[in-house]
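This report refers to the structure that appears directly beneath it.
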Amino acid sequence: MTQAILRQILDHANRANPYPLYEELRKTPVYHEADGPYVISKYHDIQSLLHDPRVTSDARNLKSSAADPLAAEQQEETALPPSFLRLDPPEHDRLRRMTNRPFGPPHSPRRIYDMHDELKDIVSGLIDGIDAPDRIDLVDQFSYPFPVTVICRLLGVPREDEARFHTWADTIAAGLDPAPDADPEERNKVIHNARTELGMYLAGLIEERRKKPGDDMLSELATSHGPDGAMTTMELLSTAALLLIAGHETTVNLITNGMLTLLRNPDILQRLREDPKLSVPIVEELLRFEPPVQVVPQRSTLADIEVRGVTIPKGASLWLVLASGNRDPDRFAHPDRFDPDRGDIQHLGFGSGIHGCFGAPLARLEAQLALSELARRLENPRLLEDPPPYRQNAVLRGPRHLPIACDGIRP
C-alpha cells in the first residue's frame, strides 16, 4: 500500500495535486519498505526531526545500501565541495555564519530591507515589458527572471552579464528535473558545461572583487576576515552557486504557486488588490498551503531514532514531507482551505532548525512585492489552463508554465 503511494507521489501525472496522496500517506506516519527511505509525514514529527542533532545532512553518513529514488533530483555541483546545506556542525555553522555576515542580522541588518525599492523597480519593469496581455506565461515573463535578476544584483553580477547568468541558471536549474525522454549523455554534457562556465565566471568575478571590492555580497564574502577567518576560493564558489540555485528556484515556485492560488481564489485576489499589506499573511499561508519545497530528502540518521514506536536505524535515508506536514489536520484546522486570515500559520515552508531556509527574508519580500503588484496592475487576470503544466521535479514543485490572460496593464 505505502509503496504504491510513494510511486504515485513521485509520478509526474500526480504533480498537479499531490495532496490527496499526502493525506493517505499520513495514515502511516512513519513508513518504510525494503531498503527504501523512512518517510515522515506528520507535522510534529517533522518539526521534531528538523531540530534533532541525530539527523544529519551530510551524505557521507548515509549507508550505501539505502535506496533513494529522489537521488537523481538532488545532485549538487560535483566539481565543488558540498555547500553548507549539505554539511553538519561545526563546518555547517562556520560557513553559514560567514555567509550570513553580509546578508542579514546582526552584521548586515538592513541589506534586504534596503533592497525594497530596487526590487519594486525590477517588478515594475517586468510587468511593463508584458506586450501581449491576452497570452502571458507568468513563469517565463515574470516569476523566473525576477529572482534571478535579484540574485545577480545581490551577488554583484554586472548588469551587462545578467543575460549570460540567466542562461547558465536556466540550464542548471533544468538539470534538477528528471528528464526520462532526454539523451542522458547529451543532457549531462550540457549541464556540466553550464556549471563549468558559471564556475569559471564566478572565479573571475571573485578575483576581481578581491582586488577591487564593491558594495555587494560577493565582495564582502571575498574580502571578509571575521572571527571565522576567510572562505577559501572553493568554499566561496560553492556558496555562490548555492545562493544562485537555491536562492531563486524556490522563489520562482513560490511566486507562481501564489498567483495560481490567488486566481483560484478571486475574492482573496480582490482583497489584495485593495490592500497590498495583505501580501504578508498571504505569503505565509502560501508557504503552508503550496510550499515550493515539498520534500526534504537529503537527511539520514547518526543514531537509532524512535518515531511513533518505529525505530529508524543509524545510517537510514530519511524523507521529511514538509507539504504533508503543512496539511496535517492535527496541527491546522481545515488544512485544505487557503485562508490568509489564520491566526497561527507556523508552517514548514522554509524548513526549521539549523538548516532553516537561509534566504527566507529575501524570498518573503520578493513574493510579497510580486503578488501585490501583479494583483494591482493586471486587469481582470484569469487562468488559461487549470491545472497548468508542472515541472517534473517532485521536490521543488511548481508549474513549468502558467498561461494567464488579462484585459490590460494598469500603470
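The values are calculated or read from the model by the stated rules, or taken from the named source; none is laboratory data. Every value quoted in this text rests on a predicted model; they were computed, and no experiment measured them. Reconstructed Cβ throughout: ideal geometry from the backbone, glycine too, with neighbour counts over all protein chains shown. The area values use the complete protein model at the heavy-atom level, side chains included, leaving out ligands, DNA and RNA. Shrake-Rupley method; radii C 1.70, N 1.55, O 1.52, S 1.80 Å.
Per this entry, Phe338 is counted among residues that are among the aromatic types (Phe, Trp, Tyr) and open to solvent by 10 Å² or more (accessible area, probe 1.4 Å). When residues in the stretch 374-411 are screened for being outside any loop (DSSP other than H, G, I, E, B), among the basic types (Lys, Arg) and open to solvent by 20 Å² or more (accessible area, probe 1.4 Å), 2 of them pass.
Results for (1) basic (Lys, Arg); (2) free of Cβ contacts under 8 Å to residues at least 12 places away in the same chain; (3) surrounded by 18 or more Cβ atoms within 10 Å (Cβ to Cβ), shown as yes or no for each residue.
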position: Pro18; (1), (2), (3): no, no, yes
position: Glu23; (1), (2), (3): no, no, no
position: Ser41; (1), (2), (3): no, no, yes
position: Ile46; (1), (2), (3): no, no, yes
position: Arg54; (1), (2), (3): yes, no, no
position: Ser57; (1), (2), (3): no, no, yes
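Counting residues in the stretch 189-200 that are within 22 Å of Asp121 (Cβ to Cβ), open to solvent by less than 60 Å² (accessible area, probe 1.4 Å), in a helix (DSSP H, G or I) and not hydrophobic (A, V, I, L, M, F, W, C) gives zero.
Is the stretch 105-116 home to any residue that is under 26 Å from Leu202 (Cβ atoms) and of a type in the set (A, V, I, L, M, F, W, C)? Scanning the stretch 105-116 turns up at least one residue that is under 26 Å from Leu202 (Cβ atoms) and of a type in the set (A, V, I, L, M, F, W, C).
Output the residues belonging to the stretch 11-23 that are farther than 12 Å from Val321 by Cβ and either in contact with a helix residue (DSSP H, G or I) (Cβ under 9 Å, 6 or more places away or on another chain) or outside any helix (DSSP H, G or I) (or both). Within the stretch 11-23, Asp11, Asn14, Arg15, Ala16, Asn17, Pro20 meet the criteria.
Kindly evaluate Val321 against the criterion of being farther than 22 Å from Gly247 by Cβ, among the β-branched types (Val, Ile, Thr) and over 19 Å from the mean Cα position of the chain (by Cα).
no
Pairs linking a residue in the stretch 249-261 that is crowded, with 24+ Cβ neighbours inside 10 Å to a residue that is among the aromatic types (Phe, Trp, Tyr) and at pLDDT below 95, with Cβ atoms under 6 Å and 6 or more positions apart or on different chains, are Val252/Tyr144. Exactly one residue out of Leu362, Leu371, Leu322 is crowded, with 22+ Cβ neighbours inside 10 Å, at pLDDT below 95 and not polar (S, T, N, Q): that is Leu362. All conditions in (1) open to solvent by 30 Å² or more (accessible area, probe 1.4 Å); (2) of a type in the set (Asp, Glu); (3) over 24 Å from His248 (Cα atoms) hold for Glu284, with the sole exception of (3).
Here is a check on your reading of the model: is Ile345 modelled with pLDDT of 95 or more, of a type outside the set (D, E, K, R) and out of contact with any Gly (no Cβ under 9 Å at 6 or more places or on another chain)?
So Ile345 does not fit the description; no.
All conditions but one from (1) in contact (Cβ under 8 Å) with a residue 60 or more places away in the chain; (2) over 24 Å from Gly247 (Cα atoms); (3) hydrophobic (A, V, I, L, M, F, W, C) apply to Val293; the one that does not is (2).
Restricting attention to the stretch 223-243, the residues being touching a Pro at 6+ places or on another chain (Cβ under 7 Å), open to solvent by 30 Å² or more (accessible area, probe 1.4 Å) and more than 9 Å from Met98 (Cβ to Cβ) number 2. Look through the stretch 325-335, keep the residues that are open to solvent by 20 Å² or more (accessible area, probe 1.4 Å) and touching a residue at least 24 places away in the same chain (Cβ under 8 Å), and return whichever of them is farthest from Leu287 (Cα to Cα). Per the stated criteria, the residue is Asp330. Filtering the stretch 55-109 to residues that are modelled with pLDDT of 70 or more, aliphatic (A, V, I, L, M) and within 16 Å of Gln298 (Cα to Cα) leaves Val55, Ala59, Leu62, Leu85, Leu87.
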